[in-house]
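Undergrad: One structure, pasted below without further comment.
The values are calculated or read from the model by the stated rules, or taken from the named source; none is laboratory data. Remember, predicted model here, so these are calculated numbers, not experimental data. Positions of Cβ are generated from backbone atoms using ideal geometry, with glycine treated the same way; all protein chains shown enter the neighbour counts.
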Amino acid sequence: MSIPGTFLPLSASLALMLTSACGTEMSDVESDPGELGSASATNDDDPQSIAAAGDALPGLTPEQLTAFEVGREDFAEVEEPDEGLGPVFNNTGCGVCHDAPATGGASSTALVEIRYGFTGPDGSFDPLSQFGGSLQQLSGIGPVEIPGCEGVSFAQETIPAEANTTAGRLTQPLFGLGLIDNVPDVAFQALAAAEAELTPETAGRVSLVTNLATGQQDVGRFGWKAQVASIADFSGDAYLNEMGITNPVFPTESCFNGDCELTARCDPAPDPEDDGTALNNFTTFMTFLAPAPALPVEGQAAIGAGVFAGIGCANCHTPALVTGSNAIAALDHKTFSPYSDFLLHDMGSLGDGIVQGGTGAREMRTSPLWGARFRVAYLHDGRATTVSQAILAHAGQGQSAADQFAGLPSALQNALLAFVGTL
């Protein structure tokens, strides 16, 4: 009988984080976070004990490392229209957007895309699919030379006048996705139940979505709205919506401004444009991509860890999770530290107004904090350029933590920021 993955219970998480601050004198708190140390030596039992962001998970076999490198090469490749790019797309390669601080990371330019729709007086949401919604593709392949398509040119899609709701979507880093993918659904369900019992005011809920490979309802864990259940679905969705390349998971083109007939008739490459080879390579790359290395939590940062827990940040930003059974040793029963429960929370005015599947307009998935020190923008729309701004923007179920942070002495605020700076 396999042992399911689990999570570090909330009460234990709080206790451990508060304990980590013990033994540090308040006089050690400085206004400047200062030097935070370096990553630890490689340890196959610790998924974050790697040399640098962008490395593979420790403990992979030579064959798995080869597959990882093949996947990274495909991920970094720039596509052309005759290879299936477009007709409308957001960028020409996965690695063009996911480049900081290494291939697979966030966007070095804080790239923000636009979701839109119509919100009715009764709160109902229409993604305006008939106009190409709800994602605006930012680029097109330009004029096409196909008989019957004279004068047709694919360009950036327009947001229809009917849209009264828009939201920015910041490119997210992909580090550690394989670990998240291998936490069993029951662990997230148990975590939601624990939050409901221990911290009901900030408790999250699981997002149930259709796994496109199995047709079953699984726990969503990827995307700003936890609208995707698996890395394979996540890869296929991005390949279509970000690059316009159809694949076995998403075999139908995104319709340019909603005109499906024109899109099908004037698309220069036959569908599916990927037979599954590139999709599998992307999935393998992301599955084996390690989390960004963490830094030691000591001195000022150790005090900040206690503050982080004490004001309620750890209620949603769960410090540790554990994967379930897996034939791949690097993914088998591994404890990792994403600082997220991957649950949906009502974020009030910080919600993006977009409804996707069963996720409400005000609901957002808790964003993982690991790798935060490498990012140049925060929150779903990139409005925050510092961690302080991101904390203070929290609303809804995050309002209490934001208020408590605002009320802290500057020394303790800086200690908390130093702690986040180790992640």
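Undergrad: So Asp185 fits all but one of (1) more than 24 Å from Gly258 (Cα to Cα); (2) touching a His at 6+ places or on another chain (Cβ under 8 Å); what number is the exception?
TA: The single condition Asp185 does not satisfy is (2).
Undergrad: Oh, and also: With the checklist (1) buried (at least 22 other Cβ atoms within 10 Å of the Cβ); (2) of a type in the set (A, V, I, L, M); (3) assigned to a helix (DSSP H, G or I) in hand, flag the one item Ala402 doesn't pass.
TA: Tallying (1) buried (at least 22 other Cβ atoms within 10 Å of the Cβ); (2) of a type in the set (A, V, I, L, M); (3) assigned to a helix (DSSP H, G or I), Ala402 fails exactly one: (1).
Undergrad: Counting residues that are buried (at least 21 other Cβ atoms within 10 Å of the Cβ) and aromatic (Phe, Trp, Tyr), which helices (runs of 4 or more DSSP H) fully inside region 198-304 reach at least 1?
TA: Once the helices (runs of 4 or more DSSP H) in region 198-304 are filtered for at least 1 residues that are buried (at least 21 other Cβ atoms within 10 Å of the Cβ) and aromatic (Phe, Trp, Tyr), what remains is 231-243, 277-288.
Undergrad: Residues Gly358, Gly382, Gly310: which one is modelled with pLDDT under 95, out of contact with any helix residue (DSSP H, G or I) (no Cβ under 6 Å at 6 or more places or on another chain) and not assigned by TED's automatic domain parsing to the domain that holds Tyr116?
TA: Just a single option satisfies the conditions, and that option is Gly358.
Undergrad: From the list Thr109, Thr119, Thr61, exactly one residue is among the polar types (S, T, N, Q) and closer than 23 Å to Lys334 by Cβ. Which is it?
TA: None of the other options fit; the residue is Thr61.
Undergrad: Kindly list, by first and then second residue, each pair from a residue in region 172-187 that is touching a residue at least 12 places away in the same chain (Cβ under 8 Å) and more than 15 Å from Phe234 (Cβ to Cβ) to a residue that is of a type in the set (S, T, N, Q) and surrounded by fewer than 20 Cβ atoms within 10 Å (Cβ to Cβ), limited to pairs with Cβ atoms under 7 Å and residues at least 6 apart or on different chains.
TA: Ala187/Thr6
Undergrad: Any residue that is in the same structural domain as Gly276 (by TED's automatic domain parsing), in contact (Cβ under 8 Å) with a residue 40 or more places away in the chain and in a strand (DSSP E or B) - is there at least one of those in region 69-85?
TA: no
Undergrad: Filter region 202-227 for residues that are among the aliphatic types (A, V, I, L, M) and over 30 Å from Ile311 (Cα atoms) and give the result.
TA: Within region 202-227, Val209, Leu212, Ala213 qualify.
Undergrad: State the number of residues belonging to region 260-281 that are within 21 Å of Ser153 (Cα to Cα), out of contact with any helix residue (DSSP H, G or I) (no Cβ under 9 Å at 6 or more places or on another chain) and free of Cβ contacts under 8 Å to residues at least 60 places away in the same chain.
TA: 4
Undergrad: Sticking with this one: Restrict the check to region 349-368 and report whether at least one residue is surrounded by 19 or more Cβ atoms within 10 Å (Cβ to Cβ) and assigned to a helix (DSSP H, G or I).
TA: Among the residues of region 349-368, at least one is surrounded by 19 or more Cβ atoms within 10 Å (Cβ to Cβ) and assigned to a helix (DSSP H, G or I), which makes the answer yes.
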